[in-house]
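Below: one structure in structure tokens.
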Amino acid sequence: MSGDSTRTGVGNVVIGQSGGPTAVINQSLVGVIEGLRGDERVGKILGAHHAVRGIVNDDFIELQDIPQDRLDRIAQTPSAALGSSRDKPNREYCEKIFDVFERRDVRYFFYIGGNDSSDTCRIVNDLAKEHGYELRCFHVPKTIDNDLVENDHTPGFGSAAKFVAQAFMGDNLDNKALPGIKINIVMGRHAGFLTAASMLARQGSDDGPHLIYVPEVGFDEDKFLEDVDRVYSKYGRCLIAVSEGIHDGTPVEQPNGKVEPTPMAVKLAVEQGHHVEYDSHGNVQLSGSGALGDFLAVHIKKNLGMVKYPHPTEPGKTTLRVRADTFGYSQRSFAGCVSATDQQEAREAGRQAAQAALMGDIDGSIAIQRDPGEAYRVHYQVIDLAAVAGKTQHLHMKYIVDNNNIADSFREYIEPLVGKLPIVESLRMPQPVEAGA
């Protein structure tokens with residue numbers, strides 16, 4: 001951050017939305033607009049069409065005169081109203097952004113996104129300082145993965161977590177009615193928060209998900225089979241939550257230069273001869289493939305269904321119903337599962353960024369911090385851009401049980417972010433299935 005009271009801060013504004021859309025990213029967009037409108041130092045408020053790509057292409061949408069009732073409807077609408085981008089700007093790219101800002105007399109830049117978006121803000125801000133150009137750069141947090149450091153939680157996560165919880169509630173009821181083994185693959189490349197949210201579906205002692213696997217710990221295929229067998233033997237069914245980023249824990253150098261374990265989904269895709277796609281950030285595509293779920297389902301059928309639970313009259317066939325689904329992009333912008341807390345905090349984060357920028361020549365990232373005490377309250381803090389850029393927050397190990405489950409104490413953390421869930425009831429529990437039955 002920098003401070004210089006002699007600077008006037010009079011000029012135009014650019015706002016962009018970056019990365020994967022969420023159910024509440026438009027709340028943050030509207031929050032920034034509301035925080036800026038009416039201030040005499042603010043000229044045009046320009047929305048970058050498709051984020052940084054729109055900036056370098058000089059493609060903007062004027063936002064300052066949009067009526068409030070339309071803004072309110074936009075705020076309630078999931079996905080990114082301005083359009084997004086997966087571009088990862090380096091210094092050369094950011095120099096093009098800065099050139100556009102100089103030409104258009106842009107003095108405020110707000111970028112709504114994850115840790116890579118904060119890094120873009122940082123680079124552009126450094127360029128402005130090098131040129132002696134007054135520019136106030138603010139990163140507004142957004143990510144369903146909930147993996148931004150310095151934040152208790154991140155806008156977008158609560159609504160995605162609500163979707164995951166309710167999807168598992170439905171699958172749990174389905175799994176009770178027609179018992180079998182069901183695997184759901186949930187987003188989460190490096191952080192297991194979203195997969196952990198599936199535990200909210202448990203409203204009874206036998207409710208699933210019965211097993212939960214997150215990328216913070218290594219995944220053991222043999223132990224996985226043991227876990228499934230144990231649960232199925234007890235309940236006659238098994239519902240499983242698996243993060244798309246699970247891995248065996250062996251670190252290797254990745255195409256993006258990072259040394260970290262290779263996700264199992266990538267290994268499977270390579271083994272099966274599929275093309276593996278990487279984005280400009282060096283991240284491999286995980287959510288667009290059903291390879292992981294299919295592999296785990298086959299793994300169970302092959303090693304349990306035909307061995308421990310054989311068909312009673314037809315040798316070689318299995319009695320196990322095993323199915324797998326990949327939630328994929330549905331988790332990001334599903335309109336029917338939006339958290340009220342998530343909406344309010346996303347909008348306030350945008351307002352806070354605007355207010356901070358108008359208070360003086362400062363730059364930074366807005367972080368949501370939870371206040372101590374039993375009642376749920378938060379406050380908003382401006383932190384250095386460099387403190388967020390390129391860093392990942394992980395699910396705390398205190399919540400992970402035996403590498404295959406999430407502790408019930410996680411509810412205290414996540415329930416205020418998700419809000420109320422539907423209440424369900426059942427008549428009876430499925431009977432346990434004995435081996436060889």
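Just wondering, is there one or more residues in the stretch 312-332 that are surrounded by fewer than 19 Cβ atoms within 10 Å (Cβ to Cβ), modelled with pLDDT of 95 or more and of a type in the set (G, A, S)? It would help to see each step written out before you state the result.
Residues of the stretch 312-332 surrounded by fewer than 19 Cβ atoms within 10 Å (Cβ to Cβ): 312-319, 321, 323, 325, 328-330.
Right, trim to modelled with pLDDT of 95 or more and you get 323, 325.
With the extra rule that they be of a type in the set (G, A, S), the set shrinks to none.
So far as the stretch 312-332 goes, no, none of its residues is surrounded by fewer than 19 Cβ atoms within 10 Å (Cβ to Cβ), modelled with pLDDT of 95 or more and of a type in the set (G, A, S).
Looking at this structure, is A75 in contact with a Pro (Cβ under 9 Å, 6 or more places away or on another chain) and in contact (Cβ under 8 Å) with a residue 24 or more places away in the chain?
On the way: in contact with a Pro (Cβ under 9 Å, 6 or more places away or on another chain): no; in contact (Cβ under 8 Å) with a residue 24 or more places away in the chain: yes.
No, not satisfied.
Assuming H153 fulfils every condition listed in (1) in a loop (DSSP other than H, G, I, E, B); (2) within 30 Å of E95 (Cα to Cα); (3) touching a residue at least 40 places away in the same chain (Cβ under 8 Å) apart from one, which condition is it?
(2) is the only condition that H153 fails.
Being surrounded by fewer than 20 Cβ atoms within 10 Å (Cβ to Cβ), in the same structural domain as M306 (by TED's automatic domain parsing) and charged (D, E, K, R) is true for just one of R230, R202, R237. Which residue is that? I'd like the intermediate steps shown before the answer.
Details: R202 fails: surrounded by fewer than 20 Cβ atoms within 10 Å (Cβ to Cβ); R237 fails: surrounded by fewer than 20 Cβ atoms within 10 Å (Cβ to Cβ).
Residue meeting the stated conditions: R230.
Still on this model: How many residues are in a strand (DSSP E or B) and without any contact (Cβ under 8 Å) to a residue 12 or more places away in the chain if we restrict to the stretch 104-150?
The first filter runs over the stretch 104-150 and keeps only residues in a strand (DSSP E or B), leaving 106-113, 136-141.
Narrowing further to those that are without any contact (Cβ under 8 Å) to a residue 12 or more places away in the chain: none.
Residues flagged as in a strand (DSSP E or B) and without any contact (Cβ under 8 Å) to a residue 12 or more places away in the chain within the stretch 104-150 amount to 0.
What about V388, is it surrounded by 13 or more Cβ atoms within 10 Å (Cβ to Cβ), modelled with pLDDT under 95, under 30 Å from L304 (Cβ atoms) and β-branched (V, I, T)? Quick ask: steps written out before the conclusion?
Working: surrounded by 13 or more Cβ atoms within 10 Å (Cβ to Cβ): yes; modelled with pLDDT under 95: yes; under 30 Å from L304 (Cβ atoms): no; β-branched (V, I, T): yes.
Spelling it out, it is not the case that V388 is surrounded by 13 or more Cβ atoms within 10 Å (Cβ to Cβ), modelled with pLDDT under 95, under 30 Å from L304 (Cβ atoms) and β-branched (V, I, T).
Determine which single condition Y111 fails, assuming it passes every other condition in (1) modelled with pLDDT under 95; (2) crowded, with 20+ Cβ neighbours inside 10 Å.
Condition (1) is where Y111 drops out.
Here is a follow-up. Output the number of residues of the stretch 339-366 satisfying the condition of being hydrophobic (A, V, I, L, M, F, W, C) and surrounded by fewer than 24 Cβ atoms within 10 Å (Cβ to Cβ). Steps first, answer last, please.
Filtering the stretch 339-366 for residues hydrophobic (A, V, I, L, M, F, W, C) gives 340, 346, 349, 353-354, 356-359, 362, 366.
So of that shortlist, the ones also surrounded by fewer than 24 Cβ atoms within 10 Å (Cβ to Cβ) come out as 340, 356, 358-359, 362.
Result for the stretch 339-366: 5.
Looking at (1) surrounded by fewer than 20 Cβ atoms within 10 Å (Cβ to Cβ); (2) among the β-branched types (V, I, T); (3) closer than 15 Å to G293 by Cα, find the lone condition where V217 falls short.
In the conditions (1) surrounded by fewer than 20 Cβ atoms within 10 Å (Cβ to Cβ); (2) among the β-branched types (V, I, T); (3) closer than 15 Å to G293 by Cα, V217 misses (3) alone.
Being outside any loop (DSSP other than H, G, I, E, B), modelled with pLDDT under 90 and over 22 Å from P263 (Cβ atoms) is the filter here; which residues of the stretch 283-311 pass it?
G305, P310
Can you name every residue in the stretch 169-184 that is buried (at least 21 other Cβ atoms within 10 Å of the Cβ), more than 19 Å from S159 (Cβ to Cβ) and touching a Ser or Thr at 6+ places or on another chain (Cβ under 8 Å)?
The one that is buried (at least 21 other Cβ atoms within 10 Å of the Cβ), more than 19 Å from S159 (Cβ to Cβ) and touching a Ser or Thr at 6+ places or on another chain (Cβ under 8 Å): K176.
The values are calculated or read from the model by the stated rules, or taken from the named source; none is laboratory data. These numbers were taken from a predicted model, which means no experiment stands behind them. Neighbour counts are summed over all protein chains in view; Cβ atoms, including those assigned to glycine, are modelled from backbone coordinates with ideal geometry.
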